[in-house]
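What follows is one structure encoded as structure tokens, with my remarks underneath.
Bear in mind these aren't lab numbers, they're just calculated from the coordinates by the rules spelled out. Nothing here was measured: the structure is a model prediction, and the numbers come from that model. Quick reminder, even Gly has a Cβ in these numbers, built from the backbone with ideal geometry, and neighbours come from all protein chains shown.
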Amino acid sequence: MSCLPIFTINAYQRVSPKMQNFPIDDVSATGLLHKLCSRITRKKGDDVLPFFHRALLQLSSADGVAKKEYNMFIIGEQIKKLLAKNGRERDAVAFGDLFRRLQHSRVLKSQASVLCFLLHLSRLETDHAEPAVFQRLTPVTSLPAVARSARSEARHTSAATSGFVSSSDLTSAPSLLPAGDQSKGGATPAVGNGTRGGGGQPGTNGLSHKPKPPLFTTRCELSETVLLREVLYAFQGVEGKYLKSDAKRDHISIDPKVTISPSVRCTVLRLVELGWLHSRVRLFCRSVAARPDAGLLAQSLASVLREQLEQFYRLIALMEAQLSGGEMDGERLTLRRLNVWTLDPFFQMRFLASLTDACGGETGGALASVLHRHLSHGDPALVATVRHLLSKTCEPLFVMLSQWMFDGELEDRHSELFIAADPSVTDDRLWHDKYQLRDSQIPSFLTVEQARQILATGKSINFLRQVCRDDSGIRGIESLRATFDAINVEALYQEGGTGELSTTITSVYRETARHVLDTMCQKYQFLENLQAIRRYLLLGQGDFIRHLLELIEPELCKPATTLYPHNLNGILESAIRATNAQYEEADVLKRLDVMLLSVSPGDTGWDVFSLDYHTDGPIRTIFTPHCMTNYLMLFNALWRAKRMEFVLSGVWKRQTLLAKMTRSLTETSVVLHLCDVLTSQMVHFIHQLAYYITFEVVE
């Protein structure tokens, strides 16, 4: 539905045949129209009154309003054809250039109407008969004022209560011509519903001699100034005398007792929508302030939104000043001006309201992700607004990232950062369990790989400080901190993972990881411990394992219940002193020990014996209990295979000795040969199994 135009000829200015006593001045709209009719028709005095009468009727009718919609392109083509028809092709070309310049000009608002008017004036110069603009107009000798007044009253009441003008009001107004004139004039023009101003007195046919009333005056004597004041109140979320807010329906409505024209009602309702949007944004700011768990990012967003609202309040103050002082300097504030001035603030506030609805109760990185998605908007002005909001909102996130990456400090009371800490985890599980990624809080402008690098960087700093007791500092970290602090917050979401910020994050991660590895290798002999596990638990030290088997075999053949750890430890120390293991690092030899597994009925020492390698401190972070359990499982498998190899080696020795003793007994040679073949096959199998476990599984 389209509202009626704001500026129209008022109902009481419509004409009657008694024009002789009507005062026509040179300032009013009717006076200017009378002069225009006299100039076009070249008539004066009473001769021009019928045409003046018809023009007023045409302008005040709905048909006349509809005819104000001109197609600028069609009018331009008509002018070109007219110039070409008169043999003025050069002027037609010049007009085409001027027409294009006019289309891009903003000086004239009603460009099509002005071109149409000039086209009609040009036709008057070539047509000396009846003027073209009045060819289809017939003088009207009488106007049924009583019928018009009654129809206007009914339609005014219906339109004013609804707030919009129906299509029937615009197209099906009753004819104001007598029957005889209708038959002569053909199509009868429709008349507006008369809601633009006060109508004429019922029962009279003459025009009212009242002066022209101010525009937008309502039938309940609400002036435009009062409406403007109410609208400015509504902009600030303040309920006025005539504009009421309905909390249940969540909208602002006009007091039903007030009767105003449909066009003004449409304009007012469109204007107060800006106040409703402002209330939504303000409600979001207040809800953030009232929530104790809102977080720093949500509070930053609310703060920058309040700055936007303060700019809006300054605009309202300017409008109020214009409304209060405009009458004195001639620049009076009107609804139409207010409608134009608030177009940009309306779109801006509507976007901010939709943004706050999307944010909802989000906090931290999830809130930043919501704002970041709105950067894909097609309006550059709104994109600039989102960038400003996102930059201010991400400032706390930027500070938290800096503290975590360079100091290992996690100040996140509201769980906004994508890194979560569990304070109940002990230091030996710090690297594995204390710090984890919180996937829901990873901002959309950071990749998962970047988030993992940031997590590992801060975790490395805490590992060095709490587990390794290393406060020496990381080489080059201060220069990287200065580089990181110099980066603008906007770099978080503008680089796409390839800019200076991404490079700095990767550099800090690599320097920190390198320092951790150097500390573990140099101070805690990480590589030496790896070699010790390979030599003793994975049976890499052959001479030691062979000698240990020889020394410990008598003890392990006993029942498991009769074994004592201190006896086995003595045998272990003897094997170390008798082999190259004695040259091992003292720290490594201290970690090597004997462990007896759980005993079951019928078990021998071979079933429960196992070597053990103790880990503690930073080394335990790498060689966790679960990891050492896997090493012990491998040791037991290799130990059993080595025992079988040791047993088969003894069998082979006895068979060789037996073969020498029974060389003269030919009857047993075949049996002994078969035993040798079987033994060699078993030895081959054990060698292949040990090779597979060592090289294919372990290494």
*asked:* Quick check: net charge around Ala456, other residues with Cβ under 11 Å of its Cβ, Lys/Arg +1 and Asp/Glu -1?
replied: +2
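For an R0 of 25 angstrom, estimate the FRET efficiency from the Cβ-Cβ distance between Cys521 and Ser402 and round to the nearest 0.05. Please list the in-between numbers first.
Numbers: r = 29 Å, r/R0 = 1.16.
Efficiency, from the Cβ-Cβ distance: 0.30.
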*Per residue, how big is the convex hull around the C-alpha atoms of the stretch 527-662? Give it to me in cubic angstrom, could you?*
122
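Note down the net charge around Phe418, summing +1 for each Lys or Arg and -1 for each Asp or Glu among other residues with Cβ under 9 Å from its Cβ. List each step's numbers first, then the result.
Details: positive: Arg438; negative: Glu416, Asp439.
That works out to -1.
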*asked:* Full-extension gain between Lys44 and Ala29, please, as 0.36 nm times their residue separation minus the C-alpha to C-alpha distance.
replied: 3.6 nm
*asked:* Testing the spin-label approximation: label points 7 Å from Cα along Cα→Cβ at Arg106 and Gln531. State their distance in nm.
replied: 8.0
*asked:* Along its three principal axes, how long is the stretch 463-524 when you only count alpha carbons? Whole Å, largest extent first please.
replied: 42, 17, 17
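Taking the beta-carbon count within 10 Å as an exposure proxy, list Cys675, Cys394 from fewest neighbours to most.
Numbers: Cys675 15, Cys394 25.
Placing the least packed residue first, the sequence is Cys675, Cys394.
Can you give the convex hull volume per residue for the Cα atoms of the stretch 224-385, as a whole number of Å³? Display every interim value, and only then the final one.
Numbers: hull volume 20.8 nm³, N = 162.
That works out to 128 Å³ per residue.
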_Neighbourhood charge, 15 Å Cβ-Cβ cut-off, centred on Leu551 and excluding it, Lys, Arg +1 and Asp, Glu -1_ = 0
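If you stretched the chain out fully between Arg475 and Gln311, how much longer would it get, using 0.36 nm times the residue separation minus the C-alpha to C-alpha distance? Let's see the in-between values first.
Numbers: separation 164, 0.36 × 164 = 59.04 nm, distance 4.78 nm.
Separation in residues times 0.36 nm, less the Cα-Cα distance, equals 54.3 nm.
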*Give me Val399, Val467, Val272, Val677 ranked fewest to most by other Cβ atoms within 10 Å of their Cβ, as a rough exposure proxy.*
Val677, Val399, Val467, Val272
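For Phe284, Phe95, which order do you get if you count the other beta carbons within 10 Å of each Cβ and list the fewest first? Provide the component values of the computation, followed by the final result.
Details: Phe284 21, Phe95 17.
Listing Phe284, Phe95 from fewest to most nearby Cβ atoms yields Phe95, Phe284.
Out of the stretch 650-699, which trypsin sites (Lys or Arg not before Pro) are coil in DSSP terms and have no more than 13 other C-beta atoms within 10 Å? Please list the in-between numbers first.
On the way: sites: Lys653, Arg654, Lys660, Arg663; in loops: Arg663.
Passing sites in the stretch 650-699 are Arg663.
Calculate the FRET efficiency for Ser287 and Glu500 from the Cβ-Cβ distance with a Förster distance of 51 Å, rounded to the nearest 0.05.
The value I calculate is 0.90.
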*Could you work out how far apart the two model spin labels at Leu82 and His614 are, taking each label as a point 7 Å from the Cα in the direction of the beta carbon, and quote it in nm?*
11.1
*Non-local amide H neighbours of Val594 (under 5 Å, H modeled in plane, Pro and chain starts lacking H): which ones?*
Asp612
*On each of the three principal axes of the Cα atoms of the stretch 394-522, give max minus min coordinate, whole Å, ordered largest first.*
40, 31, 21
*Search the structure for amide H atoms under 5 Å from the amide H of Thr604, placed 1.01 Å from N in the peptide plane, and list their residues when 5 or more places away or on another chain.*
Ala560
_Give me, ordered by chain and number, the residues 5 or more places off Phe609 or on other chains with an amide H under 5 Å from its own placed amide H._
Leu597
_Per-residue HN-Hα couplings for the stretch 627-635 [Karplus 6.51, -1.76, 1.60; θ = phi - 60°; Hz; x = Gly/Pro]_ = 5, 5, 4, 5, 5, 5, 5, 5, 4
